[in-house]
Structures are given as C-alpha cells and as structure tokens.
1. Check N268, N241 and return the single one that is among the polar types (S, T, N, Q), out of contact with any Leu (no Cβ under 6 Å at 6 or more places or on another chain) and modelled with pLDDT of 95 or more.
2. Looking for whichever is assigned by TED's automatic domain parsing to the domain that holds S20 and either modelled with pLDDT under 95 or within 25 Å of the chain's Cα centre (by Cα) (or both) here; the options are K55, K42. Which one fits?
3. Suppose the filter is at pLDDT 85 or above, outside any strand (DSSP E or B), under 20 Å from the mean Cα position of the chain (by Cα) and not assigned by TED's automatic domain parsing to the domain that holds P196; does Y95 pass it?
4. Go through region 57-92 and give me each residue that's under 16 Å from M508 (Cα atoms), part of a loop (DSSP other than H, G, I, E, B) and in contact with a Leu (Cβ under 8 Å, 6 or more places away or on another chain).
5. If you go through region 236-254, how many residues are assigned to a helix (DSSP H, G or I), out of contact with any Phe, Trp or Tyr (no Cβ under 7 Å at 6 or more places or on another chain) and closer than 30 Å to P164 by Cβ?
6. Considering every residue within region 395-415, establish whether at least one is hydroxyl-bearing (S, T, Y) and either in the same structural domain as I320 (by TED's automatic domain parsing) or surrounded by 18 or more Cβ atoms within 10 Å (Cβ to Cβ) (or both).
7. Of the residues in region 154-187, how many are among the acidic types (D, E) and in a helix (DSSP H, G or I)?
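The values are calculated or read from the model by the stated rules, or taken from the named source; none is laboratory data. These numbers were taken from a predicted model, which means no experiment stands behind them. Using ideal geometry, Cβ is built from the backbone for each residue, glycine included, and neighbour counts are taken over all protein chains shown.
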Amino acid sequence: MSKQIVELQAQQPRRLVDISRFNLAERYKSTLLNEKWQSTLKRQYGLPEDTRVVKATLSLCPVCTRRIPAVVYEENGAIWLKKSCPEHGVFEDLYWGDAEMYYFFLQWDRPEYIAKGLANPYTDLEFYKDMGSCPEGCGLCPVHKSNTVLAIIDVTNRCNMACPVCFANAGAAGYVYEPTLEQIEYMLRTLRAQKPWAPNAIQISGGEPTLRDDLPEIVRMARKLGFTHIEINTNGIRLANDLEYYKALLDAGISSLYLQFDTIDENNTDVWRHRLYHPKAYRIIKERVIENAKKLGHRSIVLVVTLAKNYNDKDLGKIIDFAIQNRDVVRWVNIQPVSFSGRARLYSKEELRKYRITIPDTIIEIERQTGGVVSRWDWRPTNWPVAFAKMVEALTDSPRPLFSMNPMCGAATFIYYDEDEKRVYPITKLVDVDAFEKGAWDIYYTASKGGIHRQTAKVKALKLLKAVKHKRVKNLIYEVLVKKDYDSLGKFFFNVVGIGIMHFMDTMNYDVERVQRCD
C-alpha cells in the first residue's frame, strides 16, 4: 500500500459515502450494489473489504506505457486508481480527492450526456486494431465518443521559457517543429470537414506561438475558414513588450488570450517557471499584458493556472480576487492541476505524492480561501451544458457542439460581482441551475417529437425564467425582453468571471474511458 494512502488513512475515518443520496445511472447502480462483482474485483486487486469498487477500466503502465487493466475504487473518503503491469508491478494513485464530490459529479455520467462521435473519423477500425486499440490507435478513430469542441493546434515547439512543468516538453526535442502555412491550412480544413458538426473554436499553442512572426496570418487564415473563436495559448512575454504585435493579432481576429498565470506570489516562480530573466519579472509581465489588453480594448483574457499541491494551491483565492479586480478584461480563470508528463515526468515518486492535486481538492481549497462564498456545491461538471445544447438543437433542427466529456474531466462555475453591493455571488445564488437543466431536458424531449411539439417546447422555454432567483437578473431579463435594452446585458456580463478546472491525465492516473470522451 502506498505511502499516500497510508497518510490519508491516518487523517480520515474508514467510512463509505452513502450513495443512495445520488441519482446515479443504472450502469453504476448495478455494480456498486452488486456484492459478487465487488467481492471479485476486491480479491483481484487486493483491496480491503471496507472499500468500494466504482468501476473497472483500462490504464497505462507508467514505465512501459502498455495498456493494462485498472480499477477505480473508494477508500477513506477519496477515490483511487490501482493497476498492475505484468512486467513492472502494481501502481496506485489518487484519482479524485473527495468521494462525496465524486458521486455528485457521477450523476452526470449518463447515456444522454454522451455524443455519437464523428460520422467521418480519420482512421478506420483496422488501423485502430493494428495499433493496439485506444489510446495508440487514436486519429480520431471510430471508437471515440465525442466530437471536437475546442481543437488545439501546435504551431511551433520553440519556447522562450524552460518550465519544469511543461507537459509539451517545449524546446527539448533537439529539432524545430514548425509547420508551414500550407500544412496549418490543411489541419484547419481537416477540422472544418468534421461531421455532423464542424468545430468553430481553436486554440493555437506550442511551444510559445507568439515566437512566430506570421501568427497574425495564421489567425486570419483560421477566420477565413470559419473559426469564430480563436485563442492564443501564451506566456505573455512578447505581448507584454510588443504592443504592435498584440494589436496585429487583434486585427487578424483573435478572440482570447490563454495567459499563463500560476501565482500571485512572485517568489514561487523561480521554482515553477524557469526563465532567462529574474523571477520577480513574472508578475510584472502578467500585469503588463493586462494593461496592454485594456489599452487595446481587448476584453477577453483567460488566466491559466498550472496548479500543484504545496506550491501554489494557497494562491487560488488571491488569483480569483485578481480576476475580479480586472474583470473588465479577464473573463475566465482556468485551473489545470499539474499533469506529470513531458518535463514533469522527471519528478520522483516522492515529488508526485507531494504535488498531486485533483479537481475536488482544488474546489475545496477555493471554498476555504473564499470563506465559503464559492462553495463546493456551486460547481458542476463541464459536460453539464449538454442539456442546453440538445435543447437548442431540437428547437432549431440544427446540430450543435456537445460538451460531452467525462464528468471527471473538469468542473466549472461562474461568479458575479455586484457593483452596488460590493460583493460576489456564485451562479447558484442567481439561478437555480438544476431546475434550469431539468427544464432544458424537458424542452429537448418535447421538441424532439417534431411538428406541433416544437411550438409547445418554445412555450415551455419561457418557463425557464422561473429558475432565476436574484432580483438583479430578473430585472436584466426585463430590460432585454421588454425594453430591448442590451446595454444592461453587456454590463452584467462584464461583471461575470468564470472559473474552470481541467485535469490533464498522465500515465499514473490515465483512464481510457475518460480519454475516449475527450472533446
């Protein structure tokens, strides 16, 4: 048994979560309550009797990367993944740091939240089988269950930093990867040819994409091909120091900056972000990018936090506060618990245990640092909007992108800053989000019948307004629907900041079932 599990056992009582409180899919009910199935897998993986097996899945050996069987199980208030390689032995890792929140999110792992994949996948089943199946046979392949919602295109492997947590291992290949404009156009056209729905959102990444002088030309090309959301994944160094280059990107049509922003404490940067300049320059560069955005009228920056336990997890509240203070340009804070891949794979097992943090750990830390203003129950999995996409699709008879990823892949919430009251409200205090979602499903099922039912569904859509709880939001809807005053709507949304968490997997916590729904 790993030191990590032993340490947790010393902290928490040995008890299992009461799963009867949660509306779980039949798939889970049939296994979680099946004593024979539970007993068999516990015996197979050497689990104590006072554990609960959640599911059997497939993972990777962190040494040879071969695909191996794995089990996800509950023990001592957390969820763990355990697997065994016939050559390299047993491995186990923290999968989800809070079991109660795991079952809460598991309620969204249901058939209706899963997409159908591509109608025109890039590889066929023979290639998939020849490569050894998922994940080696990826392409996207016929087995993949999701469509592309946000496509990431690497336009260079060059970088002006050498961060020890870079999962892309940028700048270390020993050669320069930099596709030509013709090759990039081919990538973009391939994406736009996807069916039944072509993605219209891309992230241009690397390496550091702003090292390419022709990046504005790439952005213009993407716009011309029909991409309506184009974000640049950047450390901000060039954009902090070259206002004209930033303006050229805006003129070309970028939507957002996906800005590396790990910490408020500049003393942490010399540990986490190796660079050629003094670590105290870190915050100066980030603030200068924010200032340049304000100068240029660019109102869409995402602060991207690579998060690790015992490093910057105590900065979360301050980072969220920074976003609120700069809400005129900061639209989102996206937190990415560190993935031990790329350069981060150099860490020892002891460092892995020291730095591993999961989505619920992050949520609970935010709850603590905001004094409960943003609580753990204000969050929903990132596949939560599926009901609304399907509702719009049924009402308009037009395919829509589905955020159909596995619910354990990410979490999100929104916070609203009330300028009059000088306080923050989470989205759940403004709207009954669960009633809203339930209503959206009802409208979807009604509209899906077609004909007169679609008109009935449109009438039902008006009833969604009953889910609105906050007076200011009700007044806003009145201003828009009755007075046709959209200025109020714009002002409202510029006081809203989204917070998301997305955990990239590594060879220790890899779950094939999750990756098959990546979108």
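1. N241
2. Details: K42 fails: either modelled with pLDDT under 95 or within 25 Å of the chain's Cα centre (by Cα) (or both).
Being assigned by TED's automatic domain parsing to the domain that holds S20 and either modelled with pLDDT under 95 or within 25 Å of the chain's Cα centre (by Cα) (or both) holds for just one of K55, K42, which is K55.
3. no
4. The one that is under 16 Å from M508 (Cα atoms), part of a loop (DSSP other than H, G, I, E, B) and in contact with a Leu (Cβ under 8 Å, 6 or more places away or on another chain): R66.
5. Residues flagged as assigned to a helix (DSSP H, G or I), out of contact with any Phe, Trp or Tyr (no Cβ under 7 Å at 6 or more places or on another chain) and closer than 30 Å to P164 by Cβ within region 236-254 amount to 6.
6. Yes.
7. Of the residues in region 154-187, 2 are among the acidic types (D, E) and in a helix (DSSP H, G or I).
Residue-wise test of (1) crowded, with 17+ Cβ neighbours inside 10 Å; (2) within 30 Å of I237 (Cα to Cα); (3) in the same structural domain as L47 (by TED's automatic domain parsing).
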| residue | (1), (2), (3) |
| --- | --- |
| D124 | no, no, no |
| C141 | yes, no, no |
| L150 | no, yes, no |
| T156 | yes, yes, no |
| N160 | no, yes, no |
| F167 | yes, yes, no |
| Y175 | no, yes, no |
| A193 | no, no, no |
| W197 | yes, no, no |
